[in-house]
Amino acid sequence: EAIENSKLILEEYPNSKYIDDAVFIIAKASFLRDEVAIAESHFNLLIRDYPESKFYSLSEIWLSYTHFRMGMVDSAKTSLEIIQAGKPKNKEKLYIIHNVLAEISKEIDSTEQVYYHYELAAENAASNSKKTSTFGKLIKIAEEDQDKERASIYLEKLGEVAPDNIRIDSKMQWIIYQRELGNFDKIIDEIES
């Protein structure tokens with residue numbers, strides 16, 4: 001629906017001040033639908049034709065993400081390094097950058113970097129739902145690595161931001177890991193608190 005509405009703006013109101021908004025919406029929605037060629041085309045269009053757009057720098061980041069999804073790992077990594085050299089401070093941009101860098105690190109089997117970038121993504125996440133999602137990814141990776149200590153840390157952090165049902169499940173899993181690790185004093189302290 002967002003794509004159709006944006007296409008309507010492009011066709012019916014080509015001189016509108018919202019053209020760059022429409023192009024960005026089409027690009028991002030296409031990316032989310034895994035239509036990476038369409039996404040790439042529209043991110044490139046926005047970068048090329050609307051350098052003054054408020055979506056310009058976001059489009060550069062999303063274009064890097066799109067290139068990664070297209071299998072252009074080195075290109076994506078290089079573009080993100082250039083973007084990071086500009087020391088972006090916007091949390092939304094940093095959240096996306098670190099998510100992409102975590103995925104790239106996962107692709108090249110750099111587990112410590114995966115943890116590092118997802119932790120920074122969580123730190124920059126604007127909402128509890130994004131933090132919940134990111135800590136969920138971190139827990140899954142730690143569990144795959146059979147790193148119960150690290151998984152326990154992320155389960156605690158997840159419990160701080162997640163909705164009640166997820167928070168309760170994360171606390172129960174934390175207790176199981178503490179029991180398996182022999183940290184009975186931690187379990188007793190947690191139950192008392």
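Numbers at a glance
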{"item": "Lone qualifier among TYR116, TYR154 - being open to solvent by 70 Å² or more (accessible area, probe 1.4 Å) and either part of a helix (DSSP H, G or I) or more than 26 Å from ILE191 (Cβ to Cβ) (or both)", "result": "TYR116"}
{"item": "Residue that is farther than 19 Å from ILE25 by Cβ and in contact (Cβ under 8 Å) with a residue 24 or more places away in the chain, where the choices are ILE96, ILE83, ILE61", "result": "ILE83"}
{"item": "Tally of residues being more than 16 Å from ILE96 (Cβ to Cβ) and either part of a helix (DSSP H, G or I) or charged (D, E, K, R) (or both) across segment 13-24", "result": "6"}
{"item": "Residue match in segment 20-33 (condition: under 25 Å from ALA125 (Cα atoms) and among the polar types (S, T, N, Q))", "result": "yes"}
{"item": "Residue check for ALA162: in contact with an Asp or Glu (Cβ under 6 Å, 6 or more places away or on another chain), open to solvent by less than 80 Å² (accessible area, probe 1.4 Å) and more than 20 Å from ILE97 (Cα to Cα)", "result": "no"}
{"item": "Residue check, SER53 part of a helix (DSSP H, G or I), in contact (Cβ under 8 Å) with a residue 24 or more places away in the chain and farther than 27 Å from GLU123 by Cβ", "result": "no"}
{"item": "Residue within segment 127-140 that is open to solvent by less than 30 Å² (accessible area, probe 1.4 Å), under 15 Å from the mean Cα position of the chain (by Cα) and closer than 19 Å to ALA39 by Cα present", "result": "no"}
{"item": "Scope segment 139-159; condition of a type in the set (Gly, Ala, Ser) and farther than 16 Å from SER110 by Cα; matching residues", "result": "ALA151, SER152, GLY159"}
{"item": "Count - residues of segment 1-18 that are aliphatic (A, V, I, L, M) and either in contact (Cβ under 8 Å) with a residue 24 or more places away in the chain or under 16 Å from SER53 (Cα atoms) (or both)", "result": "3"}
{"item": "Single residue of segment 77-100 satisfying the filter (farther than 12 Å from SER57 by Cα and surrounded by 18 or more Cβ atoms within 10 Å (Cβ to Cβ)) that is modelled with the lowest pLDDT", "result": "LYS77"}
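Here is a yes/no grid of residues against (1) in contact with a Gly (Cβ under 8 Å, 6 or more places away or on another chain); (2) part of a helix (DSSP H, G or I); (3) β-branched (Val, Ile, Thr):
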| residue | (1), (2), (3) |
| --- | --- |
| ALA122 | no, yes, no |
| SER129 | no, yes, no |
| SER133 | no, yes, no |
| LYS137 | no, yes, no |
| GLN146 | no, no, no |
| ARG167 | yes, yes, no |
| TYR177 | no, yes, no |
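The values are calculated or read from the model by the stated rules, or taken from the named source; none is laboratory data. Nothing here was measured: the structure is a model prediction, and the numbers come from that model. So basically every Cβ, Gly included, is an ideal-geometry build from the backbone, and we count neighbours across all protein chains shown. The accessibility values were calculated without ligands, DNA or RNA, using every heavy atom of the protein model including side chains. Shrake-Rupley method; radii C 1.70, N 1.55, O 1.52, S 1.80 Å.
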